[in-house]
1. I need the semi-axes of the equivalent ellipsoid of segment 277-322: take the C-alpha gyration tensor, multiply each eigenvalue by 5, square-root it, list largest first in whole angstrom.
2. What is the spread of the Cα atoms of segment 62-184 along each of their three principal axes, largest first, in whole Å?
3. Anything in the chain that counts as a DSSP H helix reaching 20 Å or more along its axis (C-alpha) with Kyte-Doolittle mean of at least 0.0? List them, would you?
4. Report the FRET efficiency, 1/(1 + (r/R0)^6), for E85 and Q296, where r is their Cβ-Cβ distance and R0 is 35 Å, rounded to 0.05.
5. Could you work out how far apart the two model spin labels at F160 and K64 are, taking each label as a point 7 Å from the Cα in the direction of the beta carbon, and quote it in nm?
6. State the extension gain, in nm to one decimal, for the chain segment bounded by S78 and K370, taking 0.36 nm per residue of separation less the distance between their alpha-carbons.
7. Taking 0.36 nm per residue of sequence separation and subtracting the Cα-Cα distance, how much length would be gained by fully extending the chain between N10 and L121, in nm to one decimal?
8. Taking amide hydrogens as modeled 1.01 Å from N in the peptide plane, which residues meet the under 5 Å criterion relative to R258, leaving out close sequence neighbours?
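Every number in this text was worked out from the coordinates using simple rules, so none of it is lab data. Every value quoted in this text rests on a predicted model; they were computed, and no experiment measured them. Cβ: placed from backbone, ideal geometry, glycine included. Neighbour counts: every protein chain shown.
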Amino acid sequence: MIDLRFLRENPEAVRASQRTRGEDPALVDALLEADAARRAAVATADNLRAEHKAMGKVIGKASKEERPALLAAATDMSAKVKEAELAQHAADADLDAAQRAISNVVGEGAPAGGEDDYVVLETVGTPPVFDFEPKDHLELGEALHLIDMERGAKVSGSRFYFMTGYGALLQMGLLQLAAQKAVANGFTMMIPPVLVRPEIMAGTGFLGQHSAEVYHLEEDDLYLVGTSEVPLAGYHSEEILDLSAGPKRYAGWSSCFRREAGSYGKDTRGIIRVHQFDKVEMFVYTTPDQAEAEHQRLLAWEREMLDAIDVPYRVIDVAGGDLGSSAARKFDCEAWVPTQQTYRELTSTSNCTTFQARRLSVRYRDENGKAQVAATLNGTLATTRWIVAILENHQQADGSVRVPEALVPFVGTDVLTP
């Protein structure tokens, strides 16, 4: 949720953010009204409670003759207090709903526009030039017995697959390399639960505009996570952290599940857009003043991983209209996919400022010992989709694929052959 104090002092900035996102700026006025109504309801209830308390003292000192009338007045006042408290509870609920309806304020410097209005910050490496007709990742994966889409569909339906043989080792090696790099950079490695409660899923912002992408187990009222960002964000919910020694950094290794509800007919071939995949995700709790610098560090760690698998990629600054509801700023790294002649997203890192932590009540103590809302950030360190870029960029004329040097110890061979 956005900071109400910031909203009161900078309503036009929040309206501008809403417009940048392509969302309704009128929600800002609705939130301001709900905020004012809630503060008025609190004041009314407080005043009535104070009057009721004062009447109790008067009754205690009253004479026997005065007491019946005072008791009747106190009973009437008690009813008014209860009514005011009910009104306050209703105002609290209205404020919470209005506050949750507004996405995080877009960070300064984020490009304006939508999905196609990103800014390319840097391009690394040169797309390969083949002297043969390159195969796409699925053709390579099937020929090398790395990927089995047919049996995945037989067992689970469309957009499911088996990673087999060296394909399984390639994925496991990729994630293990990511885990090693995360630990070397001060992250605590985690294997989190992949089913979470509604309040945790909502707290991270995935039950708003992304709710159609989430699998829900109705009988248990639990949600399958689409990223380990969700359980890691909930890990310290309702806690006050000690951040005096610096950020708390976690790396979650988990399977991830997405319904891909809005992608009918899009990326149906291969493992680019699937319902289940594995990922190592970085997640950080820090102080708001350190969040921007931490965001740059997360991006640097993502780039270090991409350099290790030796694929051409570019870094883009995502436009405000293409940000998720929790993100104030986001950078993506996109790898070159030869058979598509374009770059496709492999990593994403978002600065969520205090938006998620406010929803989940994650705080820290400042230098004066006062509890303040923490900031959260996340970033992808490796995921199944990376195999697409590895196979296509490292393929050779004879149909084999060269294994990136950093992954050879995990895969057990330097070349995957038919």
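1. 21, 15, 12
2. Result for segment 62-184: principal-axis Cα extents of 106, 43, 35 Å.
3. 26-61, 166-184
4. Taking R0 as 35 Å, the efficiency between E85 and Q296 is 0.15.
5. Those two pseudo-labels are separated by 8.3 nm.
6. 101.6 nm
7. 37.0 nm
8. Excluding prolines and chain starts, which carry no amide H, the hits are Q276.
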